[in-house]
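Reviewing the structure listed below.
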Amino acid sequence: MSQEDPVLRSSRREALVVLCVWLGALAWTVGYCWRHGYGRPAEGLTFVLGFPDWVFWGIVVPWAACILFSFWFAFRFMTDEDLGEDPELSAGEHEPPKDAEPPGGSRAR
C-alpha cells in the first residue's frame with residue numbers, strides 16, 4: 001500500500017478546518033440573529049457602536065473573528081509541502097529564454 005501524498009494530506013486537513021469554522025460561523029450568525037433579532041419589540045432595541053445589538057453580536061463580531069482567523073490560518077496554520085523536482089528543469093532546460101531580462105535589472109543600453 002502506497003503512502004498518501006503529503007500535499008493531499010495537508011490540503012485535506014486545511015479544508016476540514018475551514019469547513020468546520022465556516023459551519024460554526026454560519027450556525028452562530030443564523031442562530032443568534034434568529035433568536036435575538038425577530039419578534040422583538042422596538043422599545044427593547046439597544047445599539048452597540050451604531051449597530052442594533054443583535055446585528056453587532058450576530059454579524060459584525062463573527063465577521064471580525066473570521067477575518068482574524070483567516071490571517072492566523074494563512075500565516076500560521078497552512079504549510080508548504082515539497083512538490084518535488086520540476087520535470088522541465090530536470091530535463092536540462094536550465095537556460096532562460098534569450099529575450100529574458102537579466103537577473104540584476106534592466107539590460108545594458
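The values are calculated or read from the model by the stated rules, or taken from the named source; none is laboratory data. Treat the numbers as computed from the prediction; the structure is a model and nothing was measured. Quick reminder, even Gly has a Cβ in these numbers, built from the backbone with ideal geometry, and neighbours come from all protein chains shown.
Computed values, structure above
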{"item": "Every residue from the stretch 1-48 that is over 23 Å from Asp80 (Cα atoms), among the small types (Gly, Ala, Ser) and more than 17 Å from the chain's Cα centre (by Cα)", "result": "Ala27, Gly31, Gly37, Gly39, Ala42, Gly44"}
{"item": "Set Glu88, Glu101: member being assigned to a helix (DSSP H, G or I) and modelled with pLDDT under 85", "result": "Glu88"}
{"item": "Every pair of residues 6+ apart whose Cβ atoms lie under 8 Å, when the first sits in the stretch 1-27 and is farther than 18 Å from Ser70 by Cβ while the second is surrounded by 11 or more Cβ atoms within 10 Å (Cβ to Cβ) and modelled with pLDDT of 90 or more", "result": "none"}
{"item": "Complete set of residues in the stretch 29-74 that are loosely packed, with under 13 Cβ neighbours inside 10 Å, in a helix (DSSP H, G or I), modelled with pLDDT of 90 or more and not small (Gly, Ala, Ser)", "result": "Val30, Trp34, Arg35, Trp63, Ile67, Leu68, Phe71, Trp72"}
